[in-house]
Amino acid sequence: MQHGKYRFIVGFLAVPLGLYALFVIWPFIQSIYYSFTDWTGLSPEFSMVGFDNYSRMLDDDIFWKSLQHSVMFALLVPLVTLGLALFFAFMINVGGRRRRGGPAITGVRGSGFYKIVYFFPQVLSIAIVALLFQFAYNPDSGAVNSLLRGIGLDSVQPLWLGDPNLALWCVMAVLVWSTVGFFVVLFSAGMASIPAELYEAALLDGANRAATFFKVTLPLLWDTVQSGWVYMGILALGAESFAVVQIMTTGPGGPDYSTTVMVLYVYQKAFRDGQAAYATTIGVALLVVTLAFAALVMKLGRRERLEY
């Protein structure tokens, strides 16, 4: 059975690895190469300029603003999203009261319905979600300010997306709302696989719900949480943040660059300003930030693997 094993494995891996190298690795290499040129993206002609684009990037105030906003997205959005998802999943699977004649560990009533409700935003395209919230945040006719007026808070009518101090937080809230349901279902599946005997033993030892969560659920679910943290951080640094900022904000990226993120800045420089080489330079910086974030999460989240 060992005869020809490696040729068999190589035969299966050659095509997918070749496609990955062609469509993922090679574009990365091209981007790094073009970052050392003055290519406009509109002409096949370009010349090498060395580190001029990187020097320009380090002196670019808008780049530093976009970097700050992207780092905030990467740190805060996964923290809030996964925190809410863990809480909701725990309540759905473990947080209910014991019913007469039922198991000692159970979720809240209607837990199946709550899973559907939480997952519903995943059915919608992120573009549709962004448009819906753009209308909701409208200061004149939007649902949010209309609700505030309806409960007697006529004096509290923020501009939301028009306020530089609120716009970024409004965008991050939309990203949390649109993604938390996916992780609720993911963590619920993980919690459902944890043996009920562990929870029952913890309750017999006098542990309350909070202690049960931190001593039983979270350690056994940690690998899933860590993977979700990396995945959510990449979403917050990439396509998801670009979509909501591009669709919802004025400019887009405004007001006064208060919501500009790195991926949006790459798009603007490449397709609006015709500065493809400088855009690839910012893209290289975004790649470094993404890899650093993933490495940091994997390093800080490393712990002994628990099995059950």
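A few comments on the model shown:
- Each stretch of four or more DSSP H residues adds -39500 (n - 2.57); spread over every residue of the chain, this sum gives -20000 deg cm²/dmol at 222 nm.
- Here the simple spin-label model places points 7 Å from the Cα toward Cβ, and for S125 and R56 these points are separated by 3.4 nm.
- Solvent-accessible surface of region 51-301, averaged per residue with a 1.4 angstrom probe and all protein chains in place: 49 square angstrom.
- Portion, in percent, of the accessible area of the chain that falls on carbon or sulfur, probe 1.4 Å: 67 percent
- Residues E240, E45 ordered from highest to lowest accessible area at a 1.4 Å probe: E45, E240.
- Span-rule helices in the chain, defined as complete DSSP H runs reaching 18 Å or more along the axis (Cα) with Kyte mean at least 0.0: 5-20, 61-93, 111-123, 167-192, 222-237, 276-300
- Summing Lys and Arg as +1 and Asp and Glu as -1 over all other residues whose Cβ lies under 10 Å from the Cβ of D38 gives a net charge of -2.
- Equivalent ellipsoid, region 132-214 (semi-axes from 5 times Cα gyration tensor eigenvalues, Å): 42, 16, 11
- Cα gyration tensor shape for region 129-174, rounded if a/c is under 1.5, else prolate or oblate: oblate
- For region 1-86, the square roots of the Cα gyration tensor eigenvalues, ordered a ≥ b ≥ c, give a/c of at least 1.5 with a/b no greater than b/c, which places it in the oblate category.
- Span from the region 8-44 Cα centroid across to the region 150-189 one, whole angstrom: 37 Å
- For region 199-236, the residues whose amide N sits under 19 Å from a probe point set 7 Å from the Cα of K299 along the beta carbon direction are 226-227, 229-231, 233-234.
- Calculated from the alpha-carbon coordinates, the chain shows an Rg and a Dmax of 24.0, 79 Å respectively.
- Between N165, N208, N93, the residue with the greatest mean-square fluctuation in the GNM of the chain (Cα pairs under 10 Å linked by springs) is N208.
- Using a Förster distance of 30 Å, the FRET efficiency for W177-E200 (Cβ separation, nearest 0.05): 0.30
- Rounded if a/c under 1.5, otherwise prolate or oblate - region 167-275, Cα gyration tensor axes: prolate
The values are calculated or read from the model by the stated rules, or taken from the named source; none is laboratory data. If you're wondering where the values come from, they're calculated on a predicted model, not measured in any experiment. No Cβ is skipped: glycine too gets one built from the backbone with ideal geometry, and neighbour counts run over all protein chains shown. Side chains included, ligands, DNA and RNA excluded: accessible areas come from the protein's heavy atoms. Shrake-Rupley method; radii C 1.70, N 1.55, O 1.52, S 1.80 Å.
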